[in-house]
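Enquirer: Handing you this structure, nothing more for now.
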Amino acid sequence: MTQEKRPIALITGASAGIGAALAHEFAGHDLVLVARREQVLGALADAIAAKGATRPTVLGADLARPDATQAIAAALEQRGLEPDVVVNNAGFGLLGAADELDRVEQLAMIDLNVRALTDLSLAFINSLKRRKGGILNVASIAAFMPGPGMAVYYATKAYVLSFSEALHRELKPQGVRVTVLCPGPVPTEFQARAGMGADALPGFLTRSAEEVARDGYRGLMQGRRVVVPGAANRAVTAALRVTPHSLLLELIARQQRRR
């Protein structure tokens, strides 16, 4: 007889920002938290346990490595765990013109934001189907528009949106929920990593990591396809659908230069 595996929610990029907030939001589940900074993950796991929840399992991993998903799967197998929820939050952006930014770093962005997310979304499909679980992929309102000044980042998020919506349709008949979370600006470490100034976030669109995580969790539990947190951000994404791209490209380019 094979031993029954224990279901867990797997959360990537959990060491800070939206990922850490999602870890707290999912604390009613048994958790496995994944990020490069294992020590920071340990502190987060302790904080979750201090609130009375089961202490999450911590896995240090660099998801940009081609073998990262295989290593995570092996670590889960060794512990007798399997996902019933996969949360793909890990990702980063870079501010600047594509021809001026480091090419290797931009390709690393694609590896993390696109390849790793796709790999993790598909790697545990069997357990997600068996347990009628779900996938929560974190994109951005950047997914709804081209992004001169952050061209590769915006393109990666457009992929996440398109891929997740299609996966939602494909897996829904099999009982698997797929939700894509598209937040607007959120004050996190993202801005410093991207090379943005401290005043880069427009206040009327900005939401806290905790608000975004709460909306994302609820959206997944409700089986929603797309979640855009905040009325202002929803209004922006609606306006984007009817704005000519020639105008949109100029407006976004100007906005990025101010950052």
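Enquirer: Could you check how much of the accessible area of the chain is carbon and sulfur, as a whole percent, using a 1.4 Å probe?
Expert: Details: 6410 of 12260 Å².
Carbon and sulfur atoms account for 52 percent of the accessible area of the chain.
Enquirer: Could you pull out every one of the lysines with an alpha carbon less than 30 Å from that of residue 51, ignoring same-chain neighbours closer than 8 positions?
Expert: Straight-line reach from residue 51, under 30 Å: 5, 132.
Enquirer: Work out, step by step, the length gained on full extension between residue 71 and residue 129: first 0.36 nm times the residue separation, then minus their alpha carbon distance; give nm to one decimal. Present the calculation step by step, with values, prior to reporting the outcome.
Expert: On the way: separation 58, 0.36 × 58 = 20.88 nm, distance 2.16 nm.
Using 0.36 nm per residue and subtracting the Cα-Cα distance, I get 18.7 nm.
Enquirer: Give me the dipole magnitude in Debye, nearest 20, for segment 22-76 about the Cα centre, with unit charges on the beta carbon: positive for Lys and Arg, negative for Asp and Glu. Display every interim value, and only then the final one.
Expert: Values: 5 positive and 6 negative charges, 17 e Å.
That gives segment 22-76 a dipole magnitude of about 80 debye.
Enquirer: To the nearest 500 deg cm²/dmol, what mean residue ellipticity at 222 nm is calculated for the chain from DSSP H runs of n ≥ 4 alone, each contributing -39,500 (n - 2.57), summed and divided by the residues? List each step's numbers first, then the result.
Expert: On the way: 11 runs with 118 residues, N = 259.
Result for the chain, helices only: -13500 deg cm²/dmol.
Enquirer: The list [x] 0.96; [y] 1.12; [z] 1.00 gives values of Rg/Rh (Cα atoms, Kirkwood Rh), and only one came from this structure; which label was calculated from it?
Expert: The calculated read-out lines up with [x].
Enquirer: Can you sort 204, 26 by solvent-accessible area, 1.4 Å probe, largest first?
Expert: On the way: 204 150, 26 0 Å².
Heavy-atom accessible area, descending, gives 204, 26.
Enquirer: Work out the charge dipole of the chain with +1 on the Cβ of Lys and Arg and -1 on the Cβ of Asp and Glu about the Cα centre, then indicate which of 114, 143, 17 is farthest towards its positive end.
Expert: 143
Enquirer: While we're looking at this one, here's another question. So how much slack lies between residue 55 and residue 110, counting 0.36 nm per residue of separation and subtracting their Cα-Cα distance, in nm? Could the numbers behind the result be given before it?
Expert: Working: separation 55, 0.36 × 55 = 19.80 nm, distance 3.19 nm.
Going from the current span to full extension adds 16.6 nm.
Enquirer: Under a point-charge model restricted to the Cβ atoms of Lys and Arg (+1) and Asp and Glu (-1), what is the dipole moment magnitude of the chain relative to its Cα centre, in debye to the nearest 20? Display every interim value, and only then the final one.
Expert: Numbers: 30 positive and 24 negative charges, 157 e Å.
Once rounded to the nearest 20, the dipole reads 760 debye.
Enquirer: Length gain on complete extension for the stretch residue 241 to residue 103, per 0.36 nm per residue less the alpha carbon to alpha carbon distance? Don't skip to the end; give the middle numbers.
Expert: Values: separation 138, 0.36 × 138 = 49.68 nm, distance 3.06 nm.
Contour length minus Cα-Cα distance gives 46.6 nm.
The values are calculated or read from the model by the stated rules, or taken from the named source; none is laboratory data. Note that the structure is predicted; figures quoted are calculated from it, not measured. We place every Cβ from the backbone using ideal geometry, glycine too, and count neighbours over all the protein chains shown. We work out accessible area using only protein heavy atoms, side chains counted, and drop any ligands, DNA or RNA first. Shrake-Rupley method; radii C 1.70, N 1.55, O 1.52, S 1.80 Å.
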